[in-house]
Structure formats: structure tokens, C-alpha cells
Amino acid sequence: TVERTLSIIKPDATARNLTGAINAKFEAAGLRIVAQRRIRMTLDQAGAFYAVHAARPFYDELRSFMASGPVVVQVLEGEGAVAKNREVMGATNPAEAAEGTVRKEFALSIGENSVHGSDSAENAATEIAFFFSGLDIVG
Ligand code: CMP
């Protein structure tokens, strides 16, 4: 099934000019970038996006990091896009990420881990709607 997922290139990666290198990995895996925008989130916006993690001990660190610099929010489309994107990203903790994945190559730590990707098709729909309207997405 062709599906869509929400991806974020995080501040640690935009700071090191890695947007193109990361996008090249997505495209090489067959994911199509059907929407993309570079933004700087406020603390409140970052907190709202990650509201599901509000009770976690790392929530404050997570939202301040995500508001600390530019991010690139994007919609990736392809066959099994949610799972495929998670494969390309690698494990959340770069120390556990497989060879060739974005996080193995580029992530600095479990927090500064270069990319976010939706973890299910259901969450993808919610996360895409957080940043994009239907008119922004061109398949
Ligand atoms: P992400 O896929 O963006 O979803 C939630 C994020 O929380 C996750 O990637 C990590 O970057 C971050 N995270 C998870 N565990 C920790 C932790 N122990 N300390 C800091 N950040 C964390």
C-alpha cells in the first residue's frame, strides 16, 4: 500500500547542513518528498507536537531542543512509507542504529538524533495534519 508519513529533519542536522544528505537517503530508498517546509518552531509548538511525551522525563529537553533551531518538516510518500522511513532512520539511539542508517551516520545522541518519523499510519495522519494542509501535499 502506498502511504504517507511525517518526517522532521531536526536542528542538530540542519545546523550541520545535512538536509540534502538525509533527503538523498530517503529518495534512494524509494520515498518521495511530496511536501517540505523549513520552519523554526516555538517552544509551545514543539511541546504540542510532542504532547504524547508530556509525562516523560526528557520532555522539556525534547521540546527545547526542537525549538532551538530550524527544522525541515516533510511528508514522505511510498510503498509502506511508515516502516520504510523507520528503516532508513535507524534506531532512536544512534548507538543501536544499524550501519548505513541516518542515525548511525549523523545522529549525535538519543536526543540530538537528526530525524523524527511517525511510528504508525494513524499517528502519521495526525502528525501530517499538524504541519500541512491537503493543498501543500503534491503527490
Ligand atoms: P523522536 O522520534 O523524535 O520521538 C521522541 C523523541 O524523544 C525521540 O525521537 C528522541 O529524540 C527523544 N528521546 C527519547 N528518549 C530520550 C532521552 N532519554 N533523552 C532525550 N531525548 C530522548
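The values are calculated or read from the model by the stated rules, or taken from the named source; none is laboratory data. Quantities reported herein were computed from a predicted structural model and do not represent experimental measurements. Reconstructed Cβ throughout: ideal geometry from the backbone, glycine too, with neighbour counts over all protein chains shown. The area values use the complete protein model at the heavy-atom level, side chains included, leaving out ligands, DNA and RNA. Shrake-Rupley method; radii C 1.70, N 1.55, O 1.52, S 1.80 Å.
Worth a mention:
- Residue list for segment 114-132, restricted to those being part of a helix (DSSP H, G or I) and either within 16 Å of residue 84 (Cα to Cα) or open to solvent by 40 Å² or more (accessible area, probe 1.4 Å) (or both): 121, 122, 123, 124, 125, 126, 129, 130
Here's the yes/no breakdown for (1) within 14 Å of the chain's Cα centre (by Cα); (2) within 14 Å of residue 115 (Cα to Cα):
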| position | (1), (2) |
| --- | --- |
| 6 | yes, yes |
| 10 | yes, yes |
| 55 | no, no |
| 61 | no, no |
| 73 | yes, yes |
| 83 | yes, no |
| 92 | yes, yes |
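- Residues of segment 114-139 that are over 17 Å from residue 32 (Cβ atoms), more than 10 Å from the ligand (Cβ to nearest atom) and acidic (Asp, Glu): 122, 127.
- Looking across segment 58-77 at every residue that is open to solvent by 10 Å² or more (accessible area, probe 1.4 Å) and in contact with a helix residue (DSSP H, G or I) (Cβ under 6 Å, 6 or more places away or on another chain), the one that is farthest from the ligand (Cβ to nearest atom) is identified as 70.
- Cross-chain or 6+ apart pairs with Cβ under 9 Å, segment 88-113 first and within 13 Å of the ligand (Cβ to nearest atom) and part of a helix (DSSP H, G or I), then at pLDDT below 95 and of a type in the set (S, T, N, Q): none
- Pairs meeting the criteria (first residue in segment 42-70 and touching a residue at least 24 places away in the same chain (Cβ under 8 Å), second residue among the hydroxyl-bearing types (Ser, Thr, Tyr) and near the ligand (Cβ under 10 Å from one of its atoms), beta carbons under 9 Å, at least 6 apart or on different chains) are 62/50; 66/50.
- Residues satisfying the stated conditions in segment 22-53, i.e. among the small types (Gly, Ala, Ser), within 26 Å of residue 139 (Cα to Cα) and surrounded by 14 or more Cβ atoms within 10 Å (Cβ to Cβ): 29, 30, 35
- Extreme residue, nearest to residue 10 (Cα to Cα), among residues of segment 69-87 that are assigned to a helix (DSSP H, G or I) and not charged (D, E, K, R): 85
- Given (1) surrounded by 15 or more Cβ atoms within 10 Å (Cβ to Cβ); (2) outside any strand (DSSP E or B), index of the condition residue 3 fails: (2)
- Filtered by the rule that a residue be open to solvent by less than 40 Å² (accessible area, probe 1.4 Å) and within 12 Å of the ligand (Cβ to nearest atom), segment 78-87 gives a lone residue, 85.
- Residue list for segment 96-131, restricted to those being more than 22 Å from residue 28 (Cβ to Cβ), small (Gly, Ala, Ser) and in contact with a strand residue (DSSP E or B) (Cβ under 6 Å, 6 or more places away or on another chain): 121
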